[in-house]
Amino acid sequence: MTAETDAVRGPVTGPPLRRRGEALESAIHEAVLRQLTTDGYARLTMEGVAAAAQTGKAALYRRWPSKEELVMDALRASLPPAGPVPDTGSLRGDLLAVVAGLRAAMFSDLGAAVRAIMSELDHRRAHAFVAIVLERVVEPTTALIAEVLDRGTARGEVRPGAVTPLVTDVVPALMLYRIKMCGGDVVQLDPAEIVDEVLLPIVRP
């Protein structure tokens, strides 16, 4: 990563700014996510991102040789780390907290940017983006679910042997399916319904 000062070139959306290093990179990442949510992946351009970030297009190409690499880097930098394992004192309460957290992430501004990518690209072109979402969102969520269920097993709330990779995949798989294939909105991803009608019946003694 270079730290040189980037002069503004071309049209901008505000007064010319001179930033360097992390400040410039953060502005560029924010511009990428904003354009994804408003215009979609196909209409996002390096020129548009540079203008929104109030920098020159050359500043982008020095760091990211393509739009795809720029978007992937913005996602990696912006996706938050997994939160702590909830501890409400009950299996149902813990599962509700995990599912509600995943739903909030999916319907955040960042989640909207990810959905824009997934809805526009075919499987082959979306593969690299899917890998980032799996690494930063899906796998941490399944790990949280597994830990919550393991604690439930210790308390006798979960059937011994019920915690398997297939079971821990159920919640994110269901939620991603409803969003991707069914155009699901926040109402269709009700945490109580997912926990009470799907996950708990699978794992209860």
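For Pro205, the stated conditions do not hold, so it cannot be described as over 22 Å from Asp109 (Cβ atoms) and free of Cβ contacts under 8 Å to residues at least 24 places away in the same chain.
Selection of region 137-160 for residues being open to solvent by 60 Å² or more (accessible area, probe 1.4 Å) and within 17 Å of the chain's Cα centre (by Cα) yields only Glu139. Out of everything in region 26-48 that is of a type in the set (Asp, Glu) and either under 18 Å from Gly111 (Cα atoms) or buried (at least 18 other Cβ atoms within 10 Å of the Cβ) (or both), what residue ends up being farthest from the chain's Cα centre (by Cα)? Step by step, filter region 26-48, then rank; the result is Asp39. When residues in region 49-63 are screened for being assigned to a helix (DSSP H, G or I), under 17 Å from Ser26 (Cβ atoms) and open to solvent by 10 Å² or more (accessible area, probe 1.4 Å), 4 of them pass.
In region 166-181, of all residues being free of Cβ contacts under 8 Å to residues at least 12 places away in the same chain and touching a helix residue (DSSP H, G or I) at 6+ places or on another chain (Cβ under 9 Å), the one that is surrounded by the most Cβ atoms within 10 Å (Cβ to Cβ) corresponds to Arg178. Consider region 1-25 and keep the residues that are in a helix (DSSP H, G or I) and surrounded by 13 or more Cβ atoms within 10 Å (Cβ to Cβ). The one that is modelled with the highest pLDDT is Glu25. Going through (1) in contact (Cβ under 8 Å) with a residue 24 or more places away in the chain; (2) open to solvent by 20 Å² or more (accessible area, probe 1.4 Å); (3) of a type in the set (A, V, I, L, M, F, W, C); (4) in a helix (DSSP H, G or I) one by one, Val163 falls short only on (4).
The values are calculated or read from the model by the stated rules, or taken from the named source; none is laboratory data. All of these numbers come straight from a predicted model, not from anything done at the bench. Here Cβ is always computed from backbone atoms with ideal geometry, including for glycine, and neighbour counts include all displayed protein chains. Surface accessibility is based on the protein's heavy atoms, side chains included, excluding ligands, DNA and RNA. Shrake-Rupley method; radii C 1.70, N 1.55, O 1.52, S 1.80 Å.
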